[in-house]
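**Student:** Pasting in a structure now, in structure tokens, and then I'll have a few things to ask.
The values are calculated or read from the model by the stated rules, or taken from the named source; none is laboratory data. In this text the structure is predicted, and so the values were computed from the model without any measurement. Note that we place each Cβ from the backbone using ideal geometry, even for glycine, and neighbour counts take in every protein chain shown.
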Amino acid sequence: MTAVMVVVVAAVVMAPAPAESARAFFVFGDSLVDNGNNNYLLTSARADAPPYGIDYPTHRPTGRFSNGLNIPDIISEHLGAEPTMPYLSPELRGAKLLVGANFASAGVGILNDTGIQFVNIVRIGRQLRHFGEYQGKLRALVGAARARRVRLYEMGARRVLVTGTGPLGCAPAERALHGRNGECAPDLMRASELFNPQLSRVLQELNARHGAGTFIAANSFRVHFDFISDPAAFGFATAKEACCGQGPHNGLGLCTAMSNLCADRDKYVFWDAYHPTERANRIIVSQFMNGSLDYVSPLNLSAALEMDATAAAAASRMQDKVARLADDKPRV
């Protein structure tokens, strides 16, 4: 099994796992990829009340900061796998562990003091410690030898998708609070432009050390900015207004039952003050899967998965050949 990780601050990790034809999927990051961990925490950074989840299959809030599916859910669809469960969910046990786990927590950032106002969230260091706990649970389920196949790079992971930051200043909240005349907030746009090239250089250095294509850089800024700058080209009516919220651009406060709510979520890039709609998430993931080098490098996820499948098939054929030769060896 190969593993994928999403980091938004996200990482999707695919690493070898017990079933050779499957992939374990691990997610680390913030509210863009949290699928319910914060539901189990005493924090205000939660999406556990309507109208969150209005377009989810159950039409109920799940802890995802979306009207429906989020980025990891849609990647799981492309992998042909069920969605990963939140690590803090008591239902993550038994065979569910073999699918992987989602460790993300809304409100976190790269720095430990990011999101301090939310008090009780799972910061990145603790997310990684939770991954270590997950390993212990997996060892108890399948044994130490098989559990070693599901890990981050130094423990066996082979594909890590790392997303840079999107055009932060263009979120409805930032347009409302820091933009001029409804335009994107310039300081945050500059911050994104400074951060993303440095992240790309770090990933290139890691690939030079661990092998080309191990770390895949997703250009979230470019992906998001395409439909923010020309929403009509993608069938959206607006990229300035959030579907759910209040105040200028529906960009103030949380999305609640008392908020303004659009009738057609598919016409909006943003679901709430900061997070994309499910339809926008699907466009984002389509670029991760099939986009050119302008969007994802040094290769897209579809190419990486095809390479992994080819390598796995070759290894399987070699194992079969070795086994046949061993069977044919004369016994004395």
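**Student:** Regarding S44, is this residue among the hydroxyl-bearing types (S, T, Y), surrounded by 19 or more Cβ atoms within 10 Å (Cβ to Cβ) and part of a loop (DSSP other than H, G, I, E, B)?
**Tutor:** Spelling it out, it is not the case that S44 is among the hydroxyl-bearing types (S, T, Y), surrounded by 19 or more Cβ atoms within 10 Å (Cβ to Cβ) and part of a loop (DSSP other than H, G, I, E, B).
**Student:** Let me ask another. Looking at this structure, is I228 outside any helix (DSSP H, G or I), touching a strand residue (DSSP E or B) at 6+ places or on another chain (Cβ under 6 Å) and of a type in the set (V, I, T)? Spell out the reasoning first.
**Tutor:** On the way: outside any helix (DSSP H, G or I): no; touching a strand residue (DSSP E or B) at 6+ places or on another chain (Cβ under 6 Å): yes; of a type in the set (V, I, T): yes.
So I228 does not fit the description; no.
**Student:** Could I ask something else about it? Please determine whether any residue of the range 270-289 is more than 22 Å from A176 (Cα to Cα), in contact with a strand residue (DSSP E or B) (Cβ under 6 Å, 6 or more places away or on another chain) and in a strand (DSSP E or B).
**Tutor:** Step one: of the range 270-289, the residues more than 22 Å from A176 (Cα to Cα) are 278-279, 281-289.
Going one step further and asking which of them are in contact with a strand residue (DSSP E or B) (Cβ under 6 Å, 6 or more places away or on another chain), we end up with 288.
This time we only want the ones that are in a strand (DSSP E or B), so: none.
Within the range 270-289 (the criterion being more than 22 Å from A176 (Cα to Cα), in contact with a strand residue (DSSP E or B) (Cβ under 6 Å, 6 or more places away or on another chain) and in a strand (DSSP E or B)), the answer is no, since none of the residues qualifies.
**Student:** State yes or no: is G63 crowded, with 21+ Cβ neighbours inside 10 Å, at positive phi, at pLDDT 95 or above and under 17 Å from the mean Cα position of the chain (by Cα)?
**Tutor:** yes
**Student:** Looking at L305, L293, which is the one that is part of a loop (DSSP other than H, G, I, E, B) and farther than 21 Å from R64 by Cα?
**Tutor:** Going through L305, L293 in turn, just one is part of a loop (DSSP other than H, G, I, E, B) and farther than 21 Å from R64 by Cα: L293.
**Student:** Name the single residue that is nearest to F25 (Cα to Cα) among those in the range 90-104 being out of contact with any strand residue (DSSP E or B) (no Cβ under 9 Å at 6 or more places or on another chain) and assigned to a loop (DSSP other than H, G, I, E, B).
**Tutor:** Checking each candidate, the answer is R93.
Rundown of residues vs (1) within 24 Å of the chain's Cα centre (by Cα); (2) under 28 Å from N207 (Cα atoms); (3) among the small types (G, A, S), yes/no style:
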| residue | (1), (2), (3) |
| --- | --- |
| C243 | yes, no, no |
| P276 | yes, no, no |
| Q287 | yes, yes, no |
| D294 | yes, yes, no |
| E306 | yes, yes, no |
| A313 | no, yes, yes |
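**Student:** Does the range 102-119 contain any residue that is at pLDDT 95 or above, in contact with a helix residue (DSSP H, G or I) (Cβ under 9 Å, 6 or more places away or on another chain) and more than 30 Å from C262 (Cβ to Cβ)?
**Tutor:** yes
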